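The values are calculated or read from the model by the stated rules, or taken from the named source; none is laboratory data. Note that this is a predicted model, so its numbers are computed, not measured. So basically every Cβ, Gly included, is an ideal-geometry build from the backbone, and we count neighbours across all protein chains shown.
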Amino acid sequence: MPSGTGYECSFAVITVVPEAHRLWVDGLPSHQTTFRDGYRWTVSNLPAAGNGTHLVVEAQQPERSLLPAGSFAAHFLDVWRPRCLIIADIGGGIWGPGPIARDGLALGDVVAADRLDYYELIKIVPPSGNQQTRIPRSMKFQQPSTWLSTLARDLAHESHWHQRLRVGRPSATHPPKLLPGGVVSGDKLLTDTNAHETRRIVDTYDKALAVDMESVGAAHAVFLKVDAGHAVSFAALRGISDWIDQPDNQETRDAWKAAASDAAIAVLRELIEQTPGELVGVTPAEAESIAELRRRLHNDYYVPPIAYESHIDAGGQRITREGVLGHALKRHGVALVGGAGLGKSTMLHHAAMAASGPLEAFPVLVDLKRWRPKYADRLDGIPTAERLSPFMDVLLSASVQRIGVGLFEEILARREVLLMVDGLNEVPFTPVASRILELLDEYMRAHPEVRVLVTDRGGEGFYRDSGWDVLKLRPLDAVQVTHIIEQNFGAGAATTLDDEAGLLENPFFLDRALRGRNLDLASRASALGTFFSEQLRMTDEHIDALAAMAFNVYAERRQRTFPESEVEELLGTDGFHALRAGGALKSHDSLATFSHQLEHDYLAARHMARHPHYWTTSVLDALTFNAASFDVPALVLELLDDESARDIFVRKLYDWNWRGTITAVASAEQEGHQATSAFLHTAILAVAAEKRFDPVRGTRDRADNQLQRFRGYHAQQLRSAATLRELTTFVREVEGGPEWFASWQNLFCGDPLDRPLRDDVIDALTSSDALHGWTAANVIKRYEGTDDASRRMREMVRTASDTTRWRAVHVLGAWPSDANAAVLVDALSYPHRWVVYGAVRSLMEMAARTGDDALRRRVLAALADRVDTIPNEALSQIALTPLYEGAPADYQRAVRPLITSIIKSRHNVGERERWRSRLARFDEFWDRA
């Protein structure tokens, strides 16, 4: 092995049965046997693809089963520091229920594991109704190397490895095959084909081809080494010697053991000799880039010990943390989506470490905490072919390792690259994150060798529209959290938890509890405050000073980094070092960030909560990075002790962003915090509940999803109302409340069947109180528009404030007429983006509601003439609003040409794909209708 690589050998090979070990040793052209650290090792040099040789070390595992495999593999990795570990031996095949075995598998074939599962770890619980009594659990282990799995898949189509076979096959008339497939590991010798355990494995792992007793143990050892900074590629090869679910499997195993071992060893030799030497084509700059990435991950990015099993939903299939890398490498664009603190960055950092082995796709990690606002100016424009490289160079400015587009594309010419972009929520979606995603989309299409894995707190719809795979990260399982708490704090500790239980299902806060030995976490804000005051031992004065600085970094600079010197000047040298030693700060090149975005969010929220003059739209835009994340307002709510102050803040929130209001209130309440007064709570949820009856499917679905987050009697009643009249009846029956509530209640319960549209309701549209103003807009839409009411709405669009214009535009979509349509078309050129957004939506709604075909054609034609000038966010409503219940039968035929014209007008492939996805959803909706 070349010096300086950190590896002592290319391949470590583990065999188990004597036949496999003997066949390996006897097949070597030459070898040495050496005794080292208590074991006997067979050392040989084998040719590498291209040029050079591989130093290969083999040893026979002294005992069978998982625990010996794990300890032996760990020792092997310590002693020889290989770049690849391969276990090659025999295994039991899974026939399955059909007349022929799964995937045509036969005795003597070889299964190259492309996925591992562990069947042993099970929680057995008393039966309860339909609940299963055996609940699967999992342990952490490295999934097989994508590079080695791909090479094995290629070998499966070749036959020259058959020339390496030396043992006759007992009864087969065909040569052995190589099949990539799943391998299931456990500690049982399965010889009873009718045993419950055998049937469970066959039924549960319905795609797996083989079982063994060692692979997961070895893979667990590899996983731990990768976490410790030693990147190792792992593979498992199993020659099929018997069937676990067919009779006489012991006799079959005895007859086929040698031939199955022979086939596995033949594939192993071919795999090794078709693997290139470690440094073939690797430049010093490439080697330094990967070394720097490893150093930075090890030194600057804290990854907590893996104490818990995350639930990742991959389109209905559950995958583990260590499976994220393999999933990303098999697809082009993958988004790992989940709330704050669920461990997205940790998973990305582990994927980067696992991919940093010399055989894997070259990892490049971009951390958007390192993004500077000035970078956005250099991303301005459409990422056309000639701009792709310069734009990628801008994105790489935020990379963890030093790498520019020149080196990036030089590497790309020789090998696959895994580009990981952490924290799309760290930057404003409009304009920054949307531009980055557009760039990534186009770059992947121009360079198929690039795989992209991003993390984000939301945006699932955008990713799916763009053809990306979405991995949804869920909170930890409550049963698992209980187990961890009782392991660390003693039996019965979990039974004392109340509101803290839900908070501890978040890995960030669970880790804080374990590290601080403190389960008293009443809320996210309380937990974060305790971290600074008790674990870091900061005084209130110092925390407040740090909070003011953190606030200003967001509000004034709109970024997440800040000079180290600012913190040192603020807290003194000792205070600065205490922050770093306590894990709150990480820094590079004299710039610092808080270790987790939630820490920065908490400090900014702490300062905002104490200074109500900052409760403004512009500051909320800054602190949420243009509504990319709503954690700061949620934390402000948790920090405000006074109910009247919380109500004032929620009203300010409502004036800024309806979705942000609902999200912040729901987040605070899920942690047991009282977010608002009871009457404001009822009003906000009632306005949200009315959206459940909106004709547009997306609006209904969002309202349902938001309301599902709330508990309590009122929330349940509002959520279960079957009609708008039922909803208003429930609100009308709410008794008491302050004067403002009685006024709002009277407004909200307005019903066209009970009373005509009054002037005071129209006047309420101009209210400076957002809750009253938007309630009025929704109530007015319930009525048929009179000429006078339409005239007043049109006048508001022309002359009122932007906020009132937006509300009036919202109303006019429900009242089809040429005069109203003309005003809405004019509004498309207004500078306020939400007025434009509302105008597009209302024009599409007007086209759906009108019975006048000519008016519909004129409305759609006006939009078609302006698609190139309407911003993307507003333009999306042309595809989303037409999912409209109750529109006439010819609405689909009228709207479809407009959507297809937008597809043709888009400037790049990514945008066209996004609009094709929207068109497919539009067609599906109307085909069902």
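Where helices (runs of 4 or more DSSP H) sit wholly within the stretch 820-929, those with at least 3 residues that are free of Cβ contacts under 8 Å to residues at least 60 places away in the same chain and within 23 Å of residue 462 (Cα to Cα) occupy 833-849, 877-880, 891-905, 909-928. Annotation for the stretch 382-401: at least one member residue is assigned to a loop (DSSP other than H, G, I, E, B) and either closer than 27 Å to residue 232 by Cβ or modelled with pLDDT of 90 or more (or both). Flag set for residue 225, criterion: in the same structural domain as residue 180 (by TED's automatic domain parsing), part of a helix (DSSP H, G or I), in contact (Cβ under 8 Å) with a residue 12 or more places away in the chain and within 37 Å of the chain's Cα centre (by Cα). Determine whether residue 69 is closer than 27 Å to residue 17 by Cβ, modelled with pLDDT of 80 or more, in contact with a helix residue (DSSP H, G or I) (Cβ under 9 Å, 6 or more places away or on another chain) and of a type outside the set (Val, Ile, Thr). For residue 69, the condition - closer than 27 Å to residue 17 by Cβ, modelled with pLDDT of 80 or more, in contact with a helix residue (DSSP H, G or I) (Cβ under 9 Å, 6 or more places away or on another chain) and of a type outside the set (Val, Ile, Thr) - is met. Annotation: of all residues in the stretch 704-714 being at pLDDT below 90 and charged (D, E, K, R), the one that is surrounded by the fewest Cβ atoms within 10 Å (Cβ to Cβ) is 711.
Consider residue 676 carefully, then state whether it is buried (at least 21 other Cβ atoms within 10 Å of the Cβ), modelled with pLDDT of 90 or more and not aliphatic (A, V, I, L, M).
In short, yes.
Of the helices (runs of 4 or more DSSP H) lying entirely inside the stretch 424-510, those carrying at least 1 residues that are modelled with pLDDT of 90 or more and buried (at least 18 other Cβ atoms within 10 Å of the Cβ) are 434-446. Here residue 701 qualifies as surrounded by fewer than 15 Cβ atoms within 10 Å (Cβ to Cβ), at pLDDT 90 or above, under 23 Å from residue 880 (Cα atoms) and of a type outside the set (S, T, N, Q).
The one condition from (1) surrounded by fewer than 19 Cβ atoms within 10 Å (Cβ to Cβ); (2) in contact with a His (Cβ under 9 Å, 6 or more places away or on another chain) that residue 417 does not meet is (1).
Kindly indicate whether residue 25 is aliphatic (A, V, I, L, M), surrounded by fewer than 21 Cβ atoms within 10 Å (Cβ to Cβ) and part of a helix (DSSP H, G or I).
yes
Among the residues in the stretch 51-58, are any among the β-branched types (Val, Ile, Thr) and without any contact (Cβ under 8 Å) to a residue 40 or more places away in the chain? Looking for residues that are among the β-branched types (Val, Ile, Thr) and without any contact (Cβ under 8 Å) to a residue 40 or more places away in the chain, one finds none in the stretch 51-58, hence no. For the stretch 226-252, the tally of residues that are surrounded by fewer than 22 Cβ atoms within 10 Å (Cβ to Cβ) and farther than 28 Å from residue 106 by Cα stands at 4.
Could you go through the stretch 516-526 and let me know if any residue there is of a type in the set (S, T, N, Q) and buried (at least 22 other Cβ atoms within 10 Å of the Cβ). Yes: the stretch 516-526 contains one or more residues that are of a type in the set (S, T, N, Q) and buried (at least 22 other Cβ atoms within 10 Å of the Cβ). Checked against (1) modelled with pLDDT under 90; (2) more than 25 Å from residue 114 (Cβ to Cβ), residue 75 meets all criteria but (1).
I'd like the full set of residues that are at pLDDT 95 or above and in contact with a Pro (Cβ under 6 Å, 6 or more places away or on another chain), limited to the stretch 257-290. Scanning the stretch 257-290 gives a single hit, 263. Looking across the stretch 860-907, the residues that are of a type in the set (S, T, N, Q) and closer than 24 Å to residue 438 by Cα come down to 869, 872, 876, 877, 881, 900, 901, 905.
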